[in-house]
Amino acid sequence: MSKKIVAHRGIPTLAPENTMASFNTVADRDVKWIETDLSITKDEQVFVIHDDKLDRTTNISGSIETVDSSEVKNADAGYWFAERFRGEKVPTLDQLIDFLNIHKINANIELKGVVGDNANYLADKLVEKFAEALDRLDDQVELIISSFNPIMLEKMYRLKPDLKYAVLFSKATLGDDWNLVMQACHAKIVHPDSNGLTEDKVKKMKDYGYEINVWTVDDINRAQELLSWGVDGIITNIADRMLFLEK
């Protein structure tokens, strides 16, 4: 099986993360996989953004689940990166699906855990809207649904049991019970943090039959080491500089 180089939030060294500009850098450089994130607003609209809070990557502040979609649509998601990206928008879920369909780029889509007073209701709405949008995803586009949050994966699984599911683990959460979490989430793919990941842990994951995609690896030597241990994919901010490793 060929190895995967997965562009983390697009290519955030070249354009502001999780924007259409960043995704277009992926298409322009013939990268075959993208990783991105979904969150939901107070009025139940789904957007592509990583952080719960809007402060770091836009010119507005607050947690996304406390603001209306009109505010997010008007936000500037590019000015902080470079002047030429001023006016770049936070993409909608529909824009993401259109992009994947047009360019036939495969996607690892991370479901962010929903926080706040209305968390469970909005989490249900997020997976409902996502499941609906996936009905128009081109059959040629390969998809992985991932999350750190087992509840988000369980909610999505109830709606779309035939999709491929991955559990994200940080160094801290990859404890002795990781395989229990994998089974409870109906996951066949494990996404471990590169930090602290050893050849022995990779071998255990492989012995259980899991596919392994490691995040977030921006050192080419480390990527080569991980691939030599048998991991299947590398999630990286510099996908354009790692494509030679897919061979």
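The values are calculated or read from the model by the stated rules, or taken from the named source; none is laboratory data. What you see is a predicted model, and the numbers here were worked out from it, not measured in a lab. Note that each Cβ is placed from the backbone with ideal geometry, even for glycine, and that neighbours are counted across all protein chains shown. Keep in mind that these areas ignore ligands, DNA and RNA; they rest on the heavy atoms of the full protein, side chains included. Shrake-Rupley method; radii C 1.70, N 1.55, O 1.52, S 1.80 Å.
Tabulated data for the structure shown
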| read-out | value |
| --- | --- |
| Among (i) 0.97; (ii) 1.13; (iii) 1.01, the entry derived from the coordinates for Cα Rg over 2.2 N^0.38 Å | (i) |
| Nonlocal amide H pairs with Asp76, under 5 Å, H built at 1.01 Å | Asn59, Ile60 |
| Span-rule helices in the chain, defined as complete DSSP H runs reaching 20 Å or more along the axis (Cα) with Kyte mean at least -1.0 | 119-134 |
| Estimated 222 nm signal from helices in the chain, with DSSP H stretches of n ≥ 4 weighted -39500 (n - 2.57), rounded to 500 | -9500 deg cm²/dmol |
| Label-point separation in nm, Thr66 to Lys206, each point 7 Å along Cα→Cβ | 4.7 |
| Relative contact order [Cα under 8 Å, 6+ residues apart], the stretch 4-245, whole percent | 19 |
| Relative contact order %, the stretch 1-103, counting alpha carbon pairs below 8 Å whose residues are six or more apart | 23 |
| Proximal lysines to Lys125, defined as alpha-carbon separation beneath 23 angstrom and excluding residues fewer than eight positions away on the same chain | Lys42, Lys53, Lys73, Lys89, Lys112, Lys155, Lys160, Lys164 |
| Accessible carbon and sulfur surface of the stretch 4-245 relative to its total accessible area, %, 1.4 Å | 47 |
| Gain upon complete extension [Lys188, Lys104; 0.36 nm per residue less C-alpha separation] | 27.9 nm |
| Surface accessible to a 1.4 Å probe, per residue, for the residues of the chain, Å² | 45 |
